[in-house]
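Here is the structure we will look at.
We did not get these values from a lab; they are worked out from the coordinates using the rules stated. Keep in mind it's a predicted model, so treat the numbers as computed, not measured. Because the Cβ atoms are built from the backbone with ideal geometry, glycine has one as well, and the counts that use them run over all protein chains shown.
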Amino acid sequence: MRIAVSATSESLDAKIDPRFGRCPYLVIVDSETMKFEAVPNVASGAMSGAGIQAAQMIASRGVKMVVTGNVGPNAFQALSSVGIDIITGVFGTVREAVEKFKSGQLQKITAPTTSMGSGMGGGYSMGMGMGRGRGGGRGMGFKRWQSTGPFPQAPATTPATPPVLPQMSKEQEIQLLENQMKSVQKQLDEMRKRLKELKKYKEE
């Protein structure tokens, strides 16, 4: 199976980026052979619809599964519509994520894990605050998104049209909130683990 993992750089040992639509790279791994290709996510600086564009890009490469930190409603809908399963709340490296998937430790989701509007704010604040990669490139990426940057074809004066939020049922909203709670809990566990490591290092 071809699995796309949102990543901070271009290798199997890259840290997982918690953002799907705006991650710097998508590392596509063959779960049987562990051969991979790292694809720059050209949608990361899009004015809007980054998740949808990223979904279309990996679908064209035969991807059947996405592993990431969080996924919004529009990216969820785009991925689901082309038959791509989604796993969220995953941390560590690309290699570790694929190994966990192969051993059955990861479960796919049935609803988005972030609500509309959290893509550039709260939805990623936890992940960015954890110091993965020491913020490498993420702040710069936001600057490029605000400026004409690597996407001069997008005029700075053109207002972004927000995608339409699909109506969720009560069951879907419950699933969304449960997924968000699980994701936050995992982030807190990672933060506690890192704090423990840092305190141990300081004592030594």
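In terms of other Cβ atoms within 10 Å, 110, 33 run from fewest to most in the order 33, 110. The modelled label-to-label distance between residue 34 and residue 178, using points 7 Å beyond Cα along the C-beta direction, is 3.4 nm. What does the net charge come to around residue 70 if you take all other residues with beta carbon closer than 12 Å to its beta carbon, with K and R at +1 and D and E at -1? Spelling it out: positives minus negatives among the neighbours equals +3. Loop-resident GluC sites (Glu not before Pro) (DSSP state other than H, G, I, E or B) in segment 1-86 with no more than 11 further Cβ atoms inside 10 Å of their Cβ: 32. Loop-located trypsin sites (Lys or Arg not before Pro) in segment 1-78 (DSSP state not H, G, I, E or B) with no more than 14 neighbouring Cβ atoms inside 10 Å: 35, 61.
The stretch between residue 1 and residue 194 holds 66.3 nm of extra length on full extension. This uses 0.36 nm per residue minus the Cα-Cα distance.
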